[in-house]
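The values are calculated or read from the model by the stated rules, or taken from the named source; none is laboratory data. In this text, all values refer to a predicted model and were calculated from it rather than measured experimentally. Cβ placement follows ideal geometry from the backbone for every residue including glycine, while neighbour counts extend to all protein chains displayed.
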Amino acid sequence: MTQNINIVEAIELIKKDEAVLIDVREAEEFKAEHIVYALSLPLSYLEHNFKLLNIPSHKSIIFQCARGFRSQEACKKVKELGCSQNRLFSLERGIESWKELNKSVVKSISYKVSLFRQVQIIVGFLIAMSVILGLTGMPLAFLVAGIIGMALFFAGLAGWCGLAIILSKMPWNKQKR
């Protein structure tokens, strides 16, 4: 079971230089806003890049995300990999609880909805609409909802999402130079 840590305890460890805070949200989410002390290592890259951080074994590692779910997953992954002798924690309720306590966050001047959230919005809408159409007498719509669900399942397994690639090429997601 993952060990949670509250904000007060986390701040105390970080300020004493006894812990490292790692934000496991996607890069776009981190860029939009992040906790002042946090390093960025998205959960999707954790498995291959965690050892590169070279965190001393005497320091605790506090994983943090938006609400605490991905940080718990990060703790599990690191334990399964067996690549850390550190004490592992998940920050309770993530950056959301940090902001509720009016703690410092670094915010981007221009906020964009992350690709991850754009995919969630579009896929969620398509599945909901397909189910509604299916319930109104169009049984083929259930098949569409199933296909979309399987595509989402495949994206999660493979780490490759065609919709995210298409969205990344849209004008609102282009980097301004």
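Numbers for the structure displayed
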{"read-out": "Search result, residues across region 118-150 that are closer than 19 Å to S44 by Cα and free of Cβ contacts under 8 Å to residues at least 12 places away in the same chain", "value": "Q120"}
{"read-out": "Options L157, L140, L126, L135: the member that is of a type in the set (A, V, I, L, M, F, W, C) and under 20 Å from the mean Cα position of the chain (by Cα)", "value": "L157"}
{"read-out": "Exclusive hit being touching a residue at least 60 places away in the same chain (Cβ under 8 Å), crowded, with 16+ Cβ neighbours inside 10 Å, of a type outside the set (D, E, K, R) and within 30 Å of K174 (Cα to Cα), set I35, I11, I5", "value": "I35"}
{"read-out": "Filtered residues of region 160-176 (kept if outside any helix (DSSP H, G or I) and under 19 Å from the mean Cα position of the chain (by Cα))", "value": "W160, C161"}
{"read-out": "Residue in region 2-14 that is within 23 Å of S108 (Cβ to Cβ), at pLDDT 90 or above and of a type in the set (S, T, N, Q) present", "value": "no"}
{"read-out": "Enumeration of residues in region 78-99 that are part of a helix (DSSP H, G or I) and either in contact with a strand residue (DSSP E or B) (Cβ under 8 Å, 6 or more places away or on another chain) or touching a residue at least 24 places away in the same chain (Cβ under 8 Å) (or both)", "value": "V78, K79, L81, G94, I95, E96, S97, W98, K99"}
